[in-house]
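Read the structure below first, then the notes.
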Amino acid sequence: MAIQQKSSKIVHISLWAAQVILAVFLISGAIMKFLPIEKISVMMPWTGEIPKVGVRFLGVIDLLGAIGLILPSLLRIKPQVTPWAAVCIILLMFCAIVFHISRGETAVIGVNIFCIVIAGFITWGRFWKAMIIAK
């Protein structure tokens, strides 16, 4: 029984670490998307080639994803939102991969794959934990 409790605690801490890492990553992306387009298009050329409102909208999406990863679990208000936020982040990153591949920017999809892996772990862990608690 003690081994199972220790294992559960390790998973819990790992999930929180993954949620914070991914949330910080998404928040930094959101902040970048609200900088002047001239500045961010130097680092991310695609931002200068789509409408400004699209860039800002993606910043809002990133911010909402970060909030969905942290606040529901932290406040223990609707914590089942957290794994769904992670699922939405996976979908967002798959769309980003398709977008970058269509533009010939395959060198940058590693970041999206990193996010998919982290969000996949969060999805698995939070749904798994919810199923154990429900039993």
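Comparing ILE27, ILE77, ILE89 in a Gaussian network model of the chain where C-alpha atoms under 10 Å apart are linked, the largest mean-square fluctuation is found at ILE77.
Rounded to the nearest 10 degrees, the inclination of helix 109-134 to the longest alpha-carbon principal axis of the chain is 30 degrees. Ligands, DNA and RNA excluded, the heavy atoms of GLU49 present near 120 Å² of accessible surface to a 1.4 Å solvent probe. How much of the accessible area of the chain, in percent, comes from carbon and sulfur atoms when a 1.4 Å probe is used? The C+S portion of the solvent-accessible surface of the chain is 77 percent. Other residues within the sphere of radius under 10 Å centred on the Cβ of PRO45, judged by their own Cβ, net out at -1 (K and R +1, D and E -1). Ordered by 1.4 Å accessible area with all protein chains kept, VAL20, VAL98 run largest first as VAL98, VAL20. Label the stretch 52-94 by shape, choosing from rounded, prolate and oblate, from the square roots a ≥ b ≥ c of the eigenvalues of the Cα gyration tensor; if a/c is under 1.5 it is rounded, and otherwise prolate applies when a/b is larger than b/c, oblate when it is not. Because a/c hits 1.5 or more and a/b fails to exceed b/c, the stretch 52-94 counts as oblate.
Under a Gaussian network description of the chain, with springs only between Cα atoms under 10 Å, the residue in MET44, MET93, MET32 that fluctuates furthest is MET44.
With a/c under 1.5 counting as rounded, go ahead and sort the chain into rounded, prolate or oblate using the C-alpha gyration tensor (a ≥ b ≥ c being the square roots of the eigenvalues; past the cut-off, prolate if a/b is larger than b/c, else oblate).
It comes out prolate by the Cα gyration axes.
Residues in the stretch 75-126 average 59 Å² of solvent-accessible surface per residue, probe 1.4 Å, ligands and nucleic acids excluded.
The values are calculated or read from the model by the stated rules, or taken from the named source; none is laboratory data. Every value quoted in this text rests on a predicted model; they were computed, and no experiment measured them. Don't worry about glycine lacking a Cβ; one is built from the backbone with ideal geometry, like all the others, and counts go over all protein chains shown. These accessible areas exclude ligands, DNA and RNA; they are computed on the full protein's heavy atoms, side chains included. Shrake-Rupley method; radii C 1.70, N 1.55, O 1.52, S 1.80 Å.
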